[in-house]
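Let me begin by presenting the structure, written as structure tokens, before commenting on it.
The values are calculated or read from the model by the stated rules, or taken from the named source; none is laboratory data. Please read all numbers here as calculations on a predicted model, not as lab measurements. We place every Cβ from the backbone using ideal geometry, glycine too, and count neighbours over all the protein chains shown. Quick note on the areas: whole protein, heavy atoms, side chains included, nothing else; ligands and nucleic acids left out. Shrake-Rupley method; radii C 1.70, N 1.55, O 1.52, S 1.80 Å.
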Amino acid sequence: MSETLIICCPACASRNRVPTAKLGGGTCGKCGAGLFMGRPLVLTSANFDAHAAKSDIPLVVDFWAAWCGPCRQMAPAFEAAAVQLEPRVRLGKLDTEAEQAIATRYAIRSIPSLVVIHRGNEIARQAGAMPVSAIVQWVRGVI
Ligand code: ZN
């Protein structure tokens, strides 16, 4: 197996070429950050497209807002899901108040909403808070 995957750095969003066999380890060739953190990254307009469209692994986005009780309730479950799901997928949180253009682009009507995006295409969506087991099961079922 000499297959390599393009993985975008969670810190600087640079594209890194990583052998599939070594996925999960490794550091960014540009900034030296670990390519996986075992927790969701913070998505902004500066790094969203890199992770949503230019990475070879799917991106699971938690669309949330600070005023949303169910969002805050689900946050620890989403964090825990990252430990179980990485490096097969990347998990990221998008603050729908701070990044309204992206929330609008994805026509987010209720939060929390989880959206799985791979190479720029939405492949699944689920609205409503879920426990960690349901998040993990749902993501594994759609990727
Ligand atoms: Zn980096």
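Taking Ser133, Ser55, Ser113 in turn, the Gaussian network model of the chain (Cα-Cα springs below 10 Å) assigns the largest fluctuation to Ser133. Does anything in the stretch 52-95 have its amide N under 11 Å from the 7 Å Cα→Cβ label point of Arg105, and if so which residues? Once the point is set 7 Å along Cα→Cβ of Arg105, 52-54 turn out to lie under 11 Å by backbone N, inside the stretch 52-95.
In the chain, the C-alpha radius of gyration followed by the widest Cα-Cα span (Dmax) gives 14.3, 47 angstrom.
Between helix 132-142 and the chain there is an angle of about 60 degrees, using the helix long axis and the longest principal axis of the Cα atoms. Left without a cysteine partner by the 4.7 Å Cβ rule in the chain: Cys8.
So, by mean Cβ neighbours within 10 angstrom, what's the order for 66-73, 22-29, 5-12 with the highest one leading? Display every interim value, and only then the final one.
Values: 66-73: 13.2, 22-29: 14.9, 5-12: 19.8.
Answer by packing, highest mean first, reads 5-12, 22-29, 66-73.
Across the chain, C-alpha contacts under 8 Å between residues 6 or more apart give a mean separation that, scaled by the residue count, equals a relative contact order of 25 percent.
May I ask you to give the percent of accessible area on the chain that is carbon plus sulfur, with a probe radius of 1.4 Å? Write down the numbers at each step before the final one.
On the way: 3600 of 7020 Å².
Using a 1.4 Å probe with all protein chains present, the chain comes out at 51 percent carbon and sulfur.
What the chain shows is 49 Å² of accessible area per residue, with the surface traced by a 1.4 Å probe over protein heavy atoms. Reported to the nearest whole Å, the Cα centre-to-centre distance from the stretch 122-143 to the stretch 1-26 is 24.
Express as a percent, rounded to the nearest 5, the fraction of DSSP beta bridges in the chain (both residues included) that run antiparallel. List each step's numbers first, then the result.
Numbers: 17 of 27 bridges.
In the chain, DSSP labels about 65 percent of beta bridges as antiparallel.
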